[in-house]
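Report on one structure; see the data block that follows.
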Amino acid sequence: MDQISLNHEASAGDTHKQLITSLPPEVVQCLENARFLHLATCIDNQPHVSLMNYTYIPSSQYSSAPVIVMTTNPSSKKTNNLVENPNVSLLVHDWVSHRPPTQGRRMSAGGGSPGPEHRSSLASLLLNLNTSAISSISATINGTARLVEPGSAEEGFYRGQHLENNTFDSEGGVVAGMFNGGPVQAAQEDGGRECFVAGEEVRVILVHIKDIRTSDWKGGVKDWVLVPEEGGVPGVNGAR
């Protein structure tokens with residue numbers, strides 16, 4: 001069977017899942033490198049995707065297994081969805097986000113006539129170096145989400161970790177918006193943390209990881225199921 005057939009089979013089914021008790025290094029690297037993820041929730045067969053800031057925590061006094069922390073407005077659509085259906089899917093990657101030049105691509109400059117895009121050899125070299133230096137996988141993570149009890153010690157811990165992880169230098173970048181599911185402009189001095197983490201009304205979301213699928217730029221696919229160290233997951237590779 002050739003490589004294309006193997007990749008198609010892996011993508012189409014669950015026959016290549018591996019049981020693991022800790023996340024693969026490439027998945028950890030992806031989670032530690034990326035700044036945003038896409039959170040997919042669903043209710044009544046209506047999917048909803050949000051761009052989110054997040055914090056990956058390998059283990060803590062509240063969970064020996066890895067978890068992903070996010071925050072949300074309690075009246076947001078994603079919050080209503082996960083209360084009704086805690087099953088969520090996350091997409092995270094640390095690929096460069098700009099569109100690379102393509103042959104024959106023409107760029108429009110303001111209202112003028114479009115013209116060909118020209119890059120210096122140095123710019124092209126830096127672009128290639130930037131692209132090759134970043135992880136070449138994306139990870140789709142399935143899990144269950146819950147809202148942490150407000151005012152609890154657990155919430156205080158995860159909120160503090162999330163706040164610390166999302167304190168950036170004065171970049172003026174974009175952070176995940178919580179109010180309409182879209183991005184909002186960050187506050188220049190604090191990375192926007194006051195509006196999306198520190199507010200008392202903001203709820204903390206905790207995602208427990210169930211399984212992971214990675215895809216690389218060559219089309220290769222790998223599947224893992226995260227299980228407790230003391231046992232497996234029923235129905236997966238003969239686990240009981």
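Nothing in this text is a laboratory measurement; each read-out follows from the coordinates by a stated rule. Since the structure is predicted, the reported quantities are computational estimates derived from the model, not experimental observations. Heads up, the Cβs are rebuilt from the backbone with ideal geometry, glycines too, and the neighbour counts pull from every protein chain shown.
Laid out as a table, the results:
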| quantity | calculated |
| --- | --- |
| Nonlocal amide H pairs with L19, under 5 Å, H built at 1.01 Å | V225 |
| Gain on full stretching of the segment that runs from K210 to E32 - 0.36 nm per residue minus C-alpha separation | 62.2 nm |
| Summed residue charge, Cβ within 15 Å of V88's Cβ, Lys/Arg positive, Asp/Glu negative | +4 |
| Net charge over other residues, Cβ less than 14 angstrom from the Cβ of N33 (K, R count +1; D, E count -1) | -2 |
